[in-house]
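Student: What follows is a single structure, and I will ask about it in a moment.
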Amino acid sequence: MTRLVGLVGKANVGKSTFFAAATMKSVEIAGFPFTTIKANRGVAYVSAKCVCQELGVKDQPVNSACIDGVRLIPVEVVDCPGLIRGAHQGKGLGNQFLDEVRRADALIILCDAAGATDENGQPVASGTFDPVDDVQMFESEFTLWLLGIIKKDWDKIVRTAEAAREEVGKYLEEKVTGLGINRMHISIAIEKTGLDPYKVRSWSSEDLNRFVSELKKASKPFIVAANKADKEPAEDNIKRLREFGYNVVPTCAEAELALRKAAASGIIKYTPGDADFEVIATTLSETQRKALEFIRGKVFKRWGGTGVQKAINAAFYQLLDAINVYPVEDAEKLTDHWGRVLPDCYLVPKGTTAKQFAGLIHSDLAEGFIYAIDAKTKRKLGEDYVLKNNDVIQIVSAKGRK
């Protein structure tokens, strides 16, 4: 499942820190706007309980990792340049920002839960700016940008659809396919608005605006990472964001980055997403001790974790409807060709069939597909079998096995 999640939001809300914490990739981090002037791409991980525990085996991961029964599966994320109002008109880094966003399949919108940065990303006193405006500004700018693109050829699209006596979706898709928008997204937006796809000329400007707004939601689903959740008055602002109907994950990217570095240095035992950490170093400096105490008190006791891993998981498992599937070559031994137990874990969309999964592994397996085997039940499965989360599958093919 090659899907891309974009980290978006206005400048100076912690996107680059979030990206660094999620990927451990070195990026420039500073407390002023436009530190990120071009998109950074990196590998993060989604985490889930590994099937090795259910099956009572010791696994030997190859394309992923398993730490204390938690499977970490690599995914791609991109840290987009900061957004300012007027981006759809090219202000700030608007054109570059929106060009990167169009490549993403889902978005994590970071906002300053402490309300300590204004709409241009400049530091202000905590609580003086409303983080709801951070999210609404992104929604508005992206909708206006998408509306502008569609309006350029709208009359031509309408005339072509009318002449062919067909619904508008077919011809609109040709215009927006490069934006990561497909026919299904268009159909969902039309259904949500209740507009007639065969009588597009009767759509008013307001109708078109509503349609584009729904198209944005369908093609770029998002969650909100309410960052800097350790600061005041983050708790009240997070409650306010939720009252506006947003799916919100409280996050503290600074704490996650500190913990990831401490774990890498052998100071603590910590796996991303854990609800606590264990100090394993025999000696700590006073600075290190105070920093860890602060993180435990202000972040873990208040929110149950830093939220960074939770946000990454939500983007892929909730927004992109992904499930985990483990391919094996020997359903009895749960091994691959080299005898490694449960070596791989694939992230695939819900609804993926056994034959489609075979094609994800290798095109030859799909072309020669005979049947699949459920390694848990040893039952034979046909090509139309719809995979479930944590399925362990052997593909039997005329062109090879997996």
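Student: Where residues in the range 206-238 are among the basic types (Lys, Arg) and over 20 Å from ALA125 (Cβ atoms), which of them is farthest from the chain's Cα centre (by Cα)? Full working, then the answer.
Tutor: Just the residues of the range 206-238 that are among the basic types (Lys, Arg), to begin with: 210, 216-217, 220, 228, 231.
From what's left, over 20 Å from ALA125 (Cβ atoms): 210, 216-217, 220.
On the way: ARG210: 25, LYS216: 16, LYS217: 14, LYS220: 10 Å.
The qualifying residue farthest from the chain's Cα centre (by Cα) is ARG210.
Student: Further question: Of all residues in the range 121-142, which are surrounded by fewer than 20 Cβ atoms within 10 Å (Cβ to Cβ) and either of a type in the set (Val, Ile, Thr) or not assigned by TED's automatic domain parsing to the domain that holds ILE223 (or both)?
Tutor: Within the range 121-142, VAL124, THR128, VAL132 qualify.
Student: Please go through the range 322-333 and give me each residue that is more than 15 Å from TYR45 (Cα to Cα) and either crowded, with 18+ Cβ neighbours inside 10 Å or outside the structural domain of VAL396 (by TED's automatic domain parsing) (or both), ordered by number.
Tutor: VAL325, TYR326, PRO327, VAL328, GLU329, ALA331
Student: Still on this structure: So THR353 fits all but one of (1) under 15 Å from ASN63 (Cα atoms); (2) touching an Asp or Glu at 6+ places or on another chain (Cβ under 6 Å); (3) of a type in the set (S, T, N, Q); what number is the exception?
Tutor: Unmet for THR353, out of (1) under 15 Å from ASN63 (Cα atoms); (2) touching an Asp or Glu at 6+ places or on another chain (Cβ under 6 Å); (3) of a type in the set (S, T, N, Q): (1).
Student: Checking THR160 against (1) under 30 Å from VAL308 (Cβ atoms); (2) surrounded by fewer than 17 Cβ atoms within 10 Å (Cβ to Cβ); (3) assigned by TED's automatic domain parsing to the domain that holds MET24; (4) at pLDDT below 95: exactly one of these is not met. Which one?
Tutor: (1)
Student: So, one more: What is the residue count in the range 378-401 for residues that are surrounded by 20 or more Cβ atoms within 10 Å (Cβ to Cβ) and farther than 13 Å from LYS355 by Cα?
Tutor: Summing the residues that are surrounded by 20 or more Cβ atoms within 10 Å (Cβ to Cβ) and farther than 13 Å from LYS355 by Cα in the range 378-401 gives 2.
Student: Moving to a separate point now. Inside the range 182-213, can you point out the residues that are surrounded by fewer than 21 Cβ atoms within 10 Å (Cβ to Cβ) and under 15 Å from GLY148 (Cα atoms)?
Tutor: Of everything in the range 182-213, those that are surrounded by fewer than 21 Cβ atoms within 10 Å (Cβ to Cβ) and under 15 Å from GLY148 (Cα atoms) turn out to be SER205, GLU206, ASP207, LEU208, ASN209, ARG210, SER213.
Student: Read through the list (1) more than 19 Å from LYS239 (Cβ to Cβ); (2) of a type in the set (A, V, I, L, M, F, W, C); (3) in contact (Cβ under 8 Å) with a residue 12 or more places away in the chain, then give the number of the only condition that ALA125 fails.
Tutor: The single condition ALA125 does not satisfy is (3).
Student: OK, next. Can you pull out the residues in the range 341-353 that are assigned to a loop (DSSP other than H, G, I, E, B) and over 16 Å from GLN53 (Cα atoms)? Full working, then the answer.
Tutor: Pass one, the range 341-353, residues assigned to a loop (DSSP other than H, G, I, E, B): 342-345, 350-352.
Correct list: LYS350, GLY351, THR352.
Student: Separate question: Could you please find all residues in the range 195-224 being under 24 Å from VAL249 (Cβ atoms) and aliphatic (A, V, I, L, M)?
Tutor: Within the range 195-224, ALA218, ILE223, VAL224 meet the criteria.
The values are calculated or read from the model by the stated rules, or taken from the named source; none is laboratory data. Since the model is a prediction, treat every value here as computed from it, not as a measurement. In this analysis, Cβ positions are derived from the backbone assuming ideal geometry, glycine residues included, and neighbour counts consider all displayed protein chains.
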